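Every number here is computed from the coordinates shown, using simple stated rules; none is lab data. For clarity, every value in this text was computed on a predicted model and none was experimentally measured.
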Amino acid sequence: MAIRIDGKAISAQIREEIKAECAAFVAETGILPGLAVIIVGENPASQVYVRNKKKACEEVGFHSVVYELPEGTEQGELNALVDRLNTDPTIHGILVQLPLPKHLDETEVLLRIDPNKDVDAFHPYNVGNIMIGDYRFLPCTPAGVMALLERTGVEIAGKNCVVIGRSNIVGKPMAMLLLHANGTVTVCHSRTKNLAEITRQADILVVAIGRADFVTADMVKPGAVVIDVGMNRRADGKLTGDVDFASVEPIASAITPVPGGVGPMTITMLLKNTLTAAKKA
Ligand code: NAP
């Protein structure tokens, strides 16, 4: 039976460390790390994420402001707010909650954020830095996965690491971080042939697809470490991952549950980035 990697507990531990680091930084400089979160429209899932981010900021002693803009907000207004926050000395991190309503151009607004305040690490400047392995801002979800592996004592160097999913937010930066940690990395996607054959080679399998219970026991090598990034809502409203937990847990050596695995780590890495931004400001 696999070890259950407890993302809630590991996340709480790291947040305590951030809180202590923040207190020391404030005592030394008088500067309060500040995060601004912009949300446009009334997507209920986004509203929950934004509330959680604000709460997390308060818990570690950061200053945080949420800008709730109406659904009909125009691109020019959104851009103007980002411009204002870019020059606001009390704000060190700016986050635009995605997805934006369809009439707004996400790329345009993400490019507008000062790369020094881009705590989501979505700006091409920061993405490029992640690519070359020399970065200040962590890609939040993949960095959360790395922290889970590290704090569980999972060795990455020389291991076969398979990532399913190649999104800019999860799959691609995940592959980069594993590669920088000397894993031998394979990235799979919807056009991959013989997927199960490849995933069965994995010592570490990271799944970020967005399909409930997609990875079953026959796709997993006995003893593998399985990290489930997926967050899917079942018809009954319950949250579930991309891995069929019930069938995979008995054969894996370690596995993240959903909820309570990768999820809590993403906000924790956002907090880390905000503190880094304040320190560099
Ligand atoms: P995404 O942008 O939709 O990307 C999904 C990826 O999965 C794509 O690369 C796609 O391949 C691949 N894929 C889809 N069906 C596949 C199949 N049948 N076989 C192999 N690959 C397949 O999603 P995302 O933003 O990366 O998110 C992935 C999941 O992680 C979602 O459930 C999301 O909610 C969750 N997530 C969780 C957190 C967290 O904090 N825990 C953060 C972000 C995302 P193609 O490129 O070929 O289309």
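Long hydrophobic helices in the chain: the complete DSSP H runs spanning 20 Å or more by Cα along their own axis with mean Kyte-Doolittle hydropathy of at least 0.0 are 7-29, 263-280.
Rounded to two decimals, the Cα-based Rg/Rh of the stretch 128-255, with Kirkwood Rh, is 0.95. Note on the chain: Kirkwood hydrodynamic radius from all Cα pairs is 19.5 Å, rounded to one decimal. Suppose we keep just the DSSP beta bridges with both residues in the stretch 140-263; what percent of those would be antiparallel, to 5? Counting DSSP beta bridges with both partners in the stretch 140-263, the antiparallel share is about 10 percent.
For Lys54 and Met1 in one chain, what is 0.36 nm times their gap in residues minus the Cα-Cα distance, to one decimal in nm? If you can, show how the numbers build up before the last one.
Numbers: separation 53, 0.36 × 53 = 19.08 nm, distance 3.68 nm.
Full-extension gain reported as 15.4 nm.
A straight line joining the Cα centroids of the stretch 206-253 and the stretch 90-111 runs 30 Å.
Of all DSSP bridge pairs formed entirely within the chain, close to 5 percent run antiparallel.
Using the Cα atoms of the stretch 67-141 to build a convex hull, what is its mean projected area in square nanometres? Display every interim value, and only then the final one.
On the way: hull surface 21.0 nm².
Across all orientations, the stretch 67-141 yields a mean hull projection of 5.2 nm².
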